[in-house]
1. Would you please give the FRET efficiency between ASP112 and ASP162, computed as 1/(1 + (r/R0)^6) with r the Cβ-Cβ distance and R0 = 30 Å, to the nearest 0.05?
2. Gain in length, ASN140 to ARG69, computed as 0.36 nm per residue apart minus the alpha-carbon separation, to one decimal in nm?
3. So between SER40 and ARG147, what do we pick up on full extension, going 0.36 nm a residue minus the alpha carbon distance?
4. Net charge around VAL254, counting only other residues with Cβ within less than 12 Å of its Cβ (Lys, Arg = +1; Asp, Glu = -1)?
5. Taking 22 Å as R0, compute the FRET efficiency from the Cβ-Cβ separation of LYS312 and ASN126 and round it to 0.05.
6. I'd like the orientation of helix 83-98 relative to the chain: the angle between its Cα long axis and the longest Cα principal axis, in ° from 0 to 90, rounded to 10.
7. Could you tell me how far the Cα centroid of the range 187-228 sits from the Cα centroid of the range 264-297, in Å?
8. Can you give the local net charge around GLN117? Use residues other than it whose beta-carbon is closer than 13 angstrom to its beta-carbon, Lys and Arg +1, Asp and Glu -1.
Amino acid sequence: MNDFSAAQRSRVTMLDVAEHAGVSKASVSRFIGDDRALLSDAIAQRIEQSIAELGYSPNQMARGLKRGRTRLIGMLVADIRNPYSIAVMHGVETACRAHGYSLVVCNTDRDDEQERQHLALLRSYNIEGLIVNTLGHHRNELHELQREMPLVLVDRKVDGLDSDMVGLNNPQAIEMALDHLELRGYREILLISEPFDGTSSRIERVASFQQQIAQRPGLSGAVLETGPQLPTEIHTFLNTSGDQPKALFCANGVAALACTLALREIGARLFEDVGLIALDDLDWYPLVGSGITALAQPTAEIGARAFECLLKRLRGDTEAVRTLDFAPVLVERGSTREVGGV
């Protein structure tokens, strides 16, 4: 019977196993490594029995470092509270697990100092590759890491970083949203975005929105950022002169929540006074009024493909840097009902 407690098991070392089995520490190292065939059957059996009786568990990190491989993938996330980040991270982790890798996630909380510290921490873990979805303000550190390991960007570009990029086709998403709103009869569109803060995907969506609005003579458009002033600004938008049907276009799920709360605060009727369409398709969208129309991102596939790009680089792929842009899927709900006699 094994009388070792859980606490004792956690302290068992390779030397303990060697002494218990009456063999050298080197023999135990061979047994748990790749050189088991060098041991006699009798010695291997004694070591195996001692490991079972003592409850010894090898330090996988130390083994990986000794072999030059940890099978650890790092992921840097700007805001782990963002549902998009969670969904993509799940896609990455699922793909990692399927290929025998583990994922180490660091949340920068949109803080530059946290980003710097986490980059240093990930390097100390001897990760084999890095997936980046963050503000990218520490370009020098990212460049240094890129010289040491493969690096893949998700959703957000980093200036001067020549790496594979996986994300949404933002111009296509904007076009799909405007096509849908115009077809439904909306003519005045207000795009709501989180503050830019140098985030390339937000900047790209706003630029594409402004460009495409300018090419559609039947539409007018403006841009707002989320913040404490949002309810007042939406109220002003809804009460401007003119009787053209109005709609809000939320550039991501965080903006969609801010807009929904703002509409509640100003007493707007959902969705009679204003239409609403949002990028991302979150679980709560169907629960608001008659449901929020969404442009769903294939987040699981984005995460999986980001890891696949990284895995190819780890296996020696030297092809030119690739960009994978995914199309969204329109999910129609009651927030964009037909208006204006369409």
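1. 0.85
2. 23.1 nm
3. Difference between extended and current length: 34.2 nm.
4. With Lys, Arg at +1 and Asp, Glu at -1, the net is -1.
5. 0.60
6. 30
7. Comparing the Cα centres of the range 264-297 and the range 187-228, I get a distance of 18 Å.
8. Computed value for this residue: -4.
Each reported figure results from applying straightforward, stated rules to the coordinates on display, with no laboratory input. Because the structure is predicted, anything quoted here is derived from the model rather than measured. No Cβ is skipped: glycine too gets one built from the backbone with ideal geometry, and neighbour counts run over all protein chains shown.
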